[in-house]
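Report on the structure given below.
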Amino acid sequence: MQYVHTCYRVLDLDRSLEFYVDKLGLELARKSPIGSSATNAFLAVPGDPEPRLELTLNHDREEPYPLGEGYSHVAFAVEDLDALAEKLESAGGVDFESKPHAMSSGTRLFFVKDPDGYRIEFIERKR
């Protein structure tokens with residue numbers, strides 16, 4: 001078994017791509033129409049040839065999707081947590097759920113929300 005990607009639905013694909021590509025630094029690997037009813041956008045972490053995040057826009061949707069009670073977050077490892085937090089804060093328009101902080105285990109992390117309210121965790125991992 002091999003992990004392929006995470007997918008969730010978004011209300012405004014352009015706004016979501018601005019957030020994930022321009023602010024978080026993911027790369028748009030491809031956009032794929034699904035007939036005339038939807039569009040998928042596949043995003044990759046720089047250097048990873050496999051897209052790990054799929055965003056789906058259903059063209060007839062006018063209201064945000066309920067996030068559900070089971071979904072929690074997607075997580076990315078970064079080398080410099082504080083630099084990323086400063087970059088996102090400077091970019092503006094990023095909803096911080098928490099600022100960089102250490103857990104009791106010593107792991108440092110923070111959370112933001114994307115334009116649709118999905119939670120994203122950044123974990124500091126030094127190479």
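The values are calculated or read from the model by the stated rules, or taken from the named source; none is laboratory data. If you're wondering where the values come from, they're calculated on a predicted model, not measured in any experiment. Here the Cβ is made from the backbone with ideal geometry for all residues, glycine too, and neighbour counts use every protein chain on show.
Here are some notes:
- Restricting the stretch 100-127 to residues that are of a type in the set (Lys, Arg) and either over 14 Å from His73 (Cα atoms) or not assigned by TED's automatic domain parsing to the domain that holds Glu86 (or both), the residue that is surrounded by the most Cβ atoms within 10 Å (Cβ to Cβ): Arg108
- Residue pairs whose Cβ atoms lie under 9 Å apart, separated by 6 or more positions or on different chains, with the first residue in the stretch 58-80 and assigned to a strand (DSSP E or B) and the second among the polar types (S, T, N, Q), are Asn58/Ser37; Asn58/Thr39; Val74/Thr6.
- Under the condition of being closer than 15 Å to Leu84 by Cα and among the hydrophobic types (A, V, I, L, M, F, W, C), the residues counted in the stretch 99-116 number 4.
- Of all residues in the stretch 34-52, those being loosely packed, with under 11 Cβ neighbours inside 10 Å and either in a strand (DSSP E or B) or over 16 Å from the mean Cα position of the chain (by Cα) (or both) number 5.
- Residues being in contact (Cβ under 8 Å) with a residue 24 or more places away in the chain and either among the hydrophobic types (A, V, I, L, M, F, W, C) or in a loop (DSSP other than H, G, I, E, B) (or both) - total across the stretch 89-120: 14
- Subset of the stretch 66-86 [more than 22 Å from Phe96 (Cβ to Cβ) and either surrounded by 14 or more Cβ atoms within 10 Å (Cβ to Cβ) or in contact with a Gly (Cβ under 8 Å, 6 or more places away or on another chain) (or both)]: none
- In the stretch 1-33, the qualifying residues are those that are closer than 18 Å to Glu89 by Cα and of a type in the set (Lys, Arg), and the one that is nearest to the chain's Cα centre (by Cα) is Lys23.
- Qualifying residue in the stretch 54-72 (condition: within 16 Å of Leu24 (Cα to Cα) and not assigned by TED's automatic domain parsing to the domain that holds Ile123): yes
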